[in-house]
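A short write-up of the structure that comes next.
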Protein chains: 2
Amino acid sequence: MPLTLKDIARMVGVAESTVSRAINNKPGVGEETRRKIMKIVKEYNFKPNQLARGLAKKETRIIALLLSDLATPGYTEIIKSIEEVANRAGYQVILCNTANDIDKEKAYLELVARNRVDGAIIVGGELADKNILNLALNKEGRLVLVNRLAEEVLIPTILVDNAKGGYLATAHLIEQGLSRIAIIMGSIQDFLESEKLNGYKQALKDHNLPLREELIFETDGSRESGYNTFLNLMELDEPPGGFFVTSDLLAVGLIEAIKMGGYFIPDDFAIVSYGESLITSIINPPLTVVAEPLNKLGRLAAEYLLKLINNQSPDRVIRVLEPVLKMRASSNPQIKS
Amino acid sequence: MPLTLKDIARMVGVAESTVSRAINNKPGVGEETRRKIMKIVKEYNFKPNQLARGLAKKETRIIALLLSDLATPGYTEIIKSIEEVANRAGYQVILCNTANDIDKEKAYLELVARNRVDGAIIVGGELADKNILNLALNKEGRLVLVNRLAEEVLIPTILVDNAKGGYLATAHLIEQGLSRIAIIMGSIQDFLESEKLNGYKQALKDHNLPLREELIFETDGSRESGYNTFLNLMELDEPPGGFFVTSDLLAVGLIEAIKMGGYFIPDDFAIVSYGESLITSIINPPLTVVAEPLNKLGRLAAEYLLKLINNQSPDRVIRVLEPVLKMRASSNPQIKS
DNA sequence: CAATCTTCCGCAAGCGCTTGCGGAGATTTT
DNA sequence: AAAATCTCCGCAAGCGCTTGCGGAAGATTG
């Protein structure tokens, strides 16, 4: 049975409240008394019970982190920075792998209501639905969204400007002298993906290139569909010379298909991918990618949430971060692979 | 302000204690009363305050998961299964990325003492030190180790039999007709790594092959050292024909070096790697690997911990899981890459 | 029909901490 | 020198829940 405030109080010969004030660095405790108390605290390595403190103060110093899928490349970076910021502020992070399961997500969000956590960060996943709205509308709901949009309600949100990313990727390919550029993307329902497509379209427009529907491929994002898409594209009368691929896995499949066909990258086909996973630098050739500021994403999300918890409002409700293009060999013959 | 037990009690016209018993499915509540209570509970979507419950019952229903580094390939799998098992049992998981920082680890372990979590799982990292010992010796310390060993004290531990893994890898290469096989490994201080080495040695011995010190390479585990090690090896009078590489990253570097040298895999050099990350299946050629039962590892760890928390002792204190060899093209010319 | 058991439920203490309030003594003001 | 002001600290209520104990019924027995 660990020590309690009462024990310490008895040992020092003061009241519980005095010990509490001393421990929490609050005023109203004499220099001398404070020293005596702290001495005993150190000596017995006393740690106040967080549960009791939480109950009294109505806070848990825990935040929940909801992820659509833990295994998504790049998420670990986001998680790390969230955890780091939270930690520094004395908060712990509860991990919730929602596995895109709406019920599981709902159950986790209820933790917030159960006073289990002080707030939550949701990263990725479908468009926010009623559950989230309700939580957000409820004053108790301290919630920040990352790479995800809510319907009507204004919830603090951190996004990467995927339209910009799509634009950068496409413009870069155009600058390589290519005019027929295909986009191989995930579900167009996905807000993030559709934004990339918008960027793609805008880039073509700005460079006076026609938008060709037959060069837009919506896939399930798997390696296989990357492979198959290439085969489909090659059956066109005029196959594209450049590919903007919106995920690593798609790129892997695409590259396999290209190599299998006996073609060379970037000489025959130039590729730009999205997201800066380990894969992109390991694969041959290394992929030019649109890199997202993952750490910043996580850091900002955590900072926003902490502000909400402390009843300060963040400077801006929606914060959009800029991706950058990292040029590597897959799109540029100049660069040695 | 959310509802409390007292509110519900007043609404139904019974005592708080009765509501509590009803909600927790405890005996001593009449059928009729129970129904009335549950009706109101549903109606107002009442959720008991976990903090208060925890304080009264001295439990948090939270477990801590300490990881040496979140980004380690394979960890996400372990995390996912731990989270899943814990969740099913009504527990939440707090994520602690210790970043191999002993202070951070210590701070996190103190959460256990602070009644913040009911138990902890530590996966990976250095040999367990005093902090852990103290925690484990303390009756409060519900602790399970994964892929990590404690000194003297007997702490429930789940391990992968890395000696077996090393043996499998090496024996496989020997069966491919190779007799000069190098091992490229991480720090020999690392228990897991040294076990792999032991397996390597045993396999050589069992097949009557000499152990050559010059074929044992200890590295920092980086891609670069994989690359450089190959160059070093090629300067030997008789370079090896097969490589047992204990991590993906090393394998990536090694493969780069081999290709750069104009050699072919597996014809000139056969490779077996360790761990089943995405990389190994994407790289060309796909790597033969020793695969660890990651999900089982996580599941067992969680189950062990839950047993400890419920004051049952697990069936065995130390549980050793078997890795399996997944044969792919990097070690076998028969297999199409 | 009295005696004994059950069943159902309320009372109240307690989990370990925080915090508003007020009292005693020391210090400053007019 | 009396009054006003501070400083330091204890008292006690309260956070929202659990649980042992015991009382008031109703059900069961001889």
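The values are calculated or read from the model by the stated rules, or taken from the named source; none is laboratory data. Computed from a predicted structure; not experimentally measured. Here the Cβ positions follow ideal geometry from the backbone for every residue, glycine too, while neighbour counts run over all protein chains shown. Accessible surface is based on the protein model in full, side chains and every heavy atom, while ligands, DNA and RNA are left aside. Shrake-Rupley method; radii C 1.70, N 1.55, O 1.52, S 1.80 Å.
Once backbone amide H atoms are built at 1.01 Å from N, A:Thr60 has A:Asp118 as its partners under 5 Å, excluding neighbours fewer than 5 places away on the same chain. Peptide A:48-59 shows a mean partner chain C-beta count of 5 within 10 Å per residue C-beta. Calculate what fraction, in whole %, of the accessible area of segment A:8-108 sits on carbon and sulfur atoms when a 1.4 Å probe is rolled over the protein chains. Result for segment A:8-108: 49 percent of the exposed heavy-atom area is carbon or sulfur.
Exceeding 24 Å between C-alpha atoms, which entries from my cross-link table qualify? They are A:Lys57/B:Lys47; A:Lys6/A:Lys39; A:Lys106/A:Lys296; A:Lys104/B:Lys104; A:Lys104/B:Lys326. Mind showing how you got there, number by number?
Numbers: A:Lys57/B:Lys47 19 Å; A:Lys6/A:Lys39 16 Å; A:Lys106/A:Lys296 27 Å; A:Lys104/B:Lys104 30 Å; A:Lys104/B:Lys326 34 Å.
Violating the 24 Å Cα-Cα cut-off are A:Lys106/A:Lys296; A:Lys104/B:Lys104; A:Lys104/B:Lys326.
For a test of the definition: using alpha carbon positions, the gyration tensor, and the 1.5 limit on a/c, classify segment A:260-320 as rounded, prolate or oblate. Prolate shape, in that a/c is at least 1.5 and a/b is the bigger ratio.
Averaging Cα coordinates gives a centre for segment A:7-84 and one for segment B:261-337; these two points are 41 Å apart. Take A:Ser187: with every protein chain present and a 1.4 Å probe, its accessible area is about 50 Å². Only bridges with both residues in chain A count here: give the DSSP antiparallel percent, nearest 5. So the antiparallel bridges in chain A amount to around 10 percent.
In the structure shown, the pairs A:Lys42/A:Lys307; A:Lys26/A:Lys58; A:Lys58/B:Lys36 are assessed against 24 Å; a Cα-Cα span above that value is assigned to A:Lys42/A:Lys307; A:Lys58/B:Lys36.
Both chains summed, the buried accessible area for A and B stands near 4400 Å², from protein heavy atoms and a 1.4 Å probe. Counting only helical runs of four or more DSSP H residues, what would the 222 nm mean residue ellipticity of chain A come to if each run contributes -39,500 (n - 2.57) and the total is spread over all its residues? Value at 222 nm, helices only: -13500 deg cm²/dmol. Across the protein chains, with a 1.4 Å probe defining accessible surface, the residues A:Asp69, A:Asp103 rank A:Asp103, A:Asp69 from largest area downward. With the Cα gyration tensor of segment A:5-48 giving a ≥ b ≥ c as the square roots of its eigenvalues, does the rule (a/c under 1.5 for rounded; else a/b larger than b/c for prolate; else oblate) give rounded, prolate or oblate? Rounded, since a/c falls under 1.5. Between copies, A:Lys296 shows label-point distances of 4.5 nm, shortest first, with the point placed 7 angstrom from Cα along Cα to C-beta. Per residue, the solvent-accessible area of the protein assembly as shown (1.4 Å probe, heavy atoms of protein chains only, all protein chains present) comes to 46 Å². Calculated on the Cα set of chain A, radius of gyration then Dmax: 26.0, 91 Å. Close amide H pairs (under 5 Å, H built 1.01 Å from N) link B:Phe269 with B:Phe264, residues at least 5 positions away or on another chain. When only alpha carbons of segment B:198-262 are considered, Rg and Dmax amount to 12.2, 34 Å.
Can you tell me how the protein assembly as shown classifies by the Cα gyration tensor, rounded, prolate or oblate, using a/c under 1.5 as the rounded cut?
The shape class here is oblate.
In order along segment A:90-102, phi translates into HN-Hα couplings of x, 10, 9, 10, 8, 8, 10, 8, 6, 6, 6, 9, 4 Hz, rounded to whole numbers, per the Karplus curve 6.51 cos²θ - 1.76 cosθ + 1.60 with θ = phi - 60° and x for Gly and Pro.
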